[in-house]
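Trainee: Right, I'll just put the structure down here and ask away after.
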Amino acid sequence: MLFGGIQKTSLIDYPDLMAAVLFTVGCNFRCPYCHNPGLVEGEPETRFDEHEALSFLKSRRRLLDAVVVSGGEPTLQPDLLDFLAEVRALGFLVKLDTNGSRPGVLGEALSRGLVDYAAMDVKTLPELYPTLALAKCPPENIRASIRIFMEWGGDYEFRTTCAAPLVSAEILGRLAGELHGAKRWALQKFVPRRVLDPSYAEGDAHLCGRGELARFREMVAGHVGECLVRE
């Protein structure tokens, strides 16, 4: 396992629990609005391995409830499943963040009971991923991961960052069909700070305002059990 960052305490990354967040190095996507360009490009400001991560977590067992493994893209790490097992053995609940590109790894992590809460970023319509230069990811991989989430008995959420042109009313309407029946869907406001593609932080061409986000939620909320707007 190779990590490129840590948030030692978070009250927002695992619902209702105090957690530490570990960020893995490397990603197979190039989302223009990504807020962790150093991780994506493999050049984080710091690096540490699973031994250092576990040592830190052992020292925090009485202070933390959960551990969030995020990225980058954690399912690219060859030792991910072993690491999750070790974290659970320490007594922590585990949340896994993923882009859904590797359904095989995701399915094994969930089926083996290594994850208590999972979150998948659904960027746009699966068939648009290559067109919008996010990744050369087969649409069937994204759809397979969506099915894995929805058939899993654990707690989960889908997340979509609302940034044009990846997201529009038309795209969300069609995406609601892909996620119909899901437990939870969070529509996230794009915040134009340090991002992978600097042009996304310039002007307001990629922004969705509060009113637009509210309209998006109203449009798709009937398809899922719970629809949230996160600003």
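The values are calculated or read from the model by the stated rules, or taken from the named source; none is laboratory data. This structure is a prediction, so every number in the text was calculated from the model and none was measured. Note that we place each Cβ from the backbone using ideal geometry, even for glycine, and neighbour counts take in every protein chain shown. For the accessible areas, the whole protein counts, side chains as well, though only heavy atoms, and no ligand, DNA or RNA atoms are used. Shrake-Rupley method; radii C 1.70, N 1.55, O 1.52, S 1.80 Å.
Trainee: Report the trypsin sites (Lys or Arg not before Pro) located in the stretch 104-197 that are in a DSSP loop and have at most 15 other Cβ atoms inside 10 Å of their Cβ, or state none.
Mentor: Passing sites in the stretch 104-197 are Arg112, Lys136, Arg193, Arg194.
Trainee: Tell me the label-point distance for the pair Ala89, Arg210, using the 7 Å Cα-to-Cβ offset, in nm and rounded to one decimal.
Mentor: 4.9 nm
Trainee: Shifting gears a bit: DSSP loop (so not H, G, I, E, B), at most 16 other Cβ within 10 Å: list which trypsin sites (Lys or Arg not before Pro) in the stretch 1-52 pass both filters.
Mentor: On the way: sites: Lys8, Arg30, Arg47; in loops: Arg30, Arg47.
Those that pass, being in a loop and sparsely packed, are Arg30, Arg47.
Trainee: How high is the relative contact order of the stretch 101-231? Use alpha-carbon pairs under 8 Å, at least six apart in sequence, and give a whole percent.
Mentor: RCO, the stretch 101-231: 25 percent.
Trainee: Name the residue farthest towards the positive end of the dipole of the stretch 4-132 from the options Leu39, Gln7, Ala19, assuming +1 on Cβ of Lys and Arg, -1 on Cβ of Asp and Glu, about the Cα centre.
Mentor: Ala19
Trainee: For a 31 Å ceiling on Cα separation, which of these pairs sit above it: Lys95/Lys136; Lys58/Lys136; Lys8/Lys189; Lys136/Lys183?
Mentor: Flagged as over cut-off: Lys58/Lys136.
Trainee: Using a 1.4 Å probe on the protein chains only, how many percent of the accessible area of the stretch 1-143 belongs to carbon and sulfur?
Mentor: 49 percent
Trainee: Pulled fully out, how much extra length does the chain show between Leu132 and Ala169, if you take 0.36 nm times their separation in residues and subtract their Cα-Cα distance?
Mentor: Result: 11.7 nm gained on full extension.
Trainee: For the chain, with only Lys/Arg (+1) and Asp/Glu (-1) charged at the beta-carbon, what is the dipole magnitude about the Cα centre, in debye rounded to 20?
Mentor: Approximately 340 debye in magnitude.
Trainee: Might you report the magnitude of the Cβ-based charge dipole of the stretch 149-212 about its Cα centre, with Lys and Arg at +1 and Asp and Glu at -1, to the nearest 20 debye?
Mentor: Around 200 debye, computed over the stretch 149-212.
Trainee: Related question: Rounded to the nearest 5, what is the percent of antiparallel bridges among the DSSP beta bridges in the chain?
Mentor: Working: 7 of 35 bridges.
Expressed as a percentage, antiparallel bridges in the chain total about 20.
Trainee: Just need log10 I(q)/I(0) for the stretch 111-168 at q = 0.16, 0.24, 0.29 Å⁻¹, Debye formula, equal scatterers on the alpha-carbon atoms, no solvent, rounded to two decimals.
Mentor: -0.55, -0.99, -1.21
Trainee: Let me ask another. In whole Å, what are the Cα extents of the stretch 123-201 along the three principal axes, biggest one first?
Mentor: The principal-axis extents, from largest down, are 40, 24, 22 Å.
Trainee: Counting alpha carbon pairs within less than 8 Å and at least 6 residues apart, what relative contact order, in whole percent, applies to the chain?
Mentor: 18 percent
Trainee: While we're on this one: To the nearest 10 square angstrom, how much accessible area does Val229 have with a 1.4 angstrom probe?
Mentor: Per-residue accessible area (Val229): approximately 50 Å².
Trainee: To the nearest 20 debye, what charge dipole does the stretch 88-210 have about its Cα centre, counting +1 at the Cβ of each Lys and Arg and -1 at the Cβ of each Asp and Glu?
Mentor: 240 debye
Trainee: In whole Å, what are the Cα extents of the stretch 164-231 along the three principal axes, biggest one first?
Mentor: For the stretch 164-231, the Cα spread along each principal axis is 36, 20, 20 Å.
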